[in-house]
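Structure record follows, encoded as structure tokens.
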Amino acid sequence: MNSSQARVGTLVRMAWDIAGRNVLVTGGNSGIGLATATDLARRGAAVTITSRDAGRGAAAADKISREASAQVDMITLDLAEPDSVRDAASDYLAGYDRLDVLVNNAGGIFGSRAVTPTGDEMTLATNHLGPFALTQFLMPGLLAAGSSRVINVASSGHGFARDGIRFDDISFESKYSMAAAYGQSKLANILHARELDRRYRSRGVHAYAVHPGLVRTRIGRDGDSLFTVLYWGLRTPWLLTPEEGSDTIVWLATAEEPPEPHGGYFEKREEARSTRKARDDREAERLWEFSEARIAAWYG
Ligand SMILES: NC(=O)c1ccc[n+]([C@@H]2O[C@H](COP(=O)([O-])OP(=O)(O)OC[C@H]3O[C@@H](n4cnc5c(N)ncnc54)[C@H](OP(=O)(O)O)[C@@H]3O)[C@@H](O)[C@H]2O)c1
């Protein structure tokens, strides 16, 4: 074995180079996901994006393909729909036998409380339960890669859930607020990465969460609240471009060695400040168990 090789389990792989790696970016048709997918495709990765809408997704895949001079695939995925999540994972694994980098980027923010047909609050279903299920369905591909990375696009907005996951009323049957539900789902992204890394790192799967900064994208723009309009309107001059927002995600995906701390939460290519609950291993384990039970009910 020469110095550019590393032994991973029984596999011998070359040092990490994103060129030729298989990458899946959820929500790669817009905003931060589009910028991430474009950058990684330019670097030679075999990129697949997802969109809820086949037409929107195909148009974005074409755009990335032209800009990066690379083939880009697209699959449809609605994270709030259990069948769509399962089908998207099996579509991906039918085309690719391994997945080197999964970017759980897609997400939303909801001005009014909504509940999915499975009875889950919409923000938690879209931003956490769907990505949790997708990651588990894709696990055979992540393990087959020998060394792989899962990057959850979280947010400093997890601070809106300073007291942690509301296990006694996780669906906000009382006192729904857009910020609290979004904050809880983004805290869940951080805890998911932490627990995923703890459970799977010894088998080569490394997981991270990222705050991309405040970025000028479509998110929150369709909101029906005055708060959303004012929040984004007043901040517009200071917002990052989607390319700037994708920087730490791309860095985590391309760094030659998996950055430390493993399972950590990053901003601007460094470990970022997070709330006490976001660093709580028991909270992470409890959320994992809750999520597993919800997913079992989805497909039961
Ligand atoms: N912008 C910011 O300042 C900021 C700050 C912190 C964190 N973030 C996080 O960054 C991530 C990307 O957001 P963005 O700012 O780039 O917003 P965006 O431009 O609105 O992109 C969101 C993406 O998520 C997809 N999506 C929404 N609901 C979905 C669902 N139910 N199933 C599957 N895909 C769905 C959208 O696809 P469709 O075309 O199907 O709608 C779109 O591609 C989110 O997780 C967000 O929480 C953003």
Test result for Arg201, surrounded by fewer than 18 Cβ atoms within 10 Å (Cβ to Cβ), in a helix (DSSP H, G or I) and either within 16 Å of the ligand (Cβ to nearest atom) or not acidic (Asp, Glu) (or both): yes
Tally of residues being within 9 Å of the ligand (Cβ to nearest atom), in a loop (DSSP other than H, G, I, E, B) and modelled with pLDDT of 85 or more across the stretch 212-245: 6
Scope the stretch 182-195; condition in contact with a helix residue (DSSP H, G or I) (Cβ under 7 Å, 6 or more places away or on another chain) and crowded, with 24+ Cβ neighbours inside 10 Å; matching residues: Tyr182, Gln184, Ser185, Lys186, Leu187, Ala188, Asn189, Ile190, Leu191, His192, Arg194
Strands (runs of 3 or more DSSP E) wholly inside the stretch 1-68 containing at least 1 residues that are within 16 Å of the ligand (Cβ to nearest atom), within 24 Å of Asp91 (Cβ to Cβ) and at pLDDT 95 or above: 22-25, 46-51
Whichever residue in the stretch 157-181 is surrounded by fewer than 18 Cβ atoms within 10 Å (Cβ to Cβ) and of a type in the set (S, T, N, Q) and, among such residues, is nearest to the chain's Cα centre (by Cα): Ser177
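The values are calculated or read from the model by the stated rules, or taken from the named source; none is laboratory data. Every value quoted in this text rests on a predicted model; they were computed, and no experiment measured them. Neighbour counts are summed over all protein chains in view; Cβ atoms, including those assigned to glycine, are modelled from backbone coordinates with ideal geometry.
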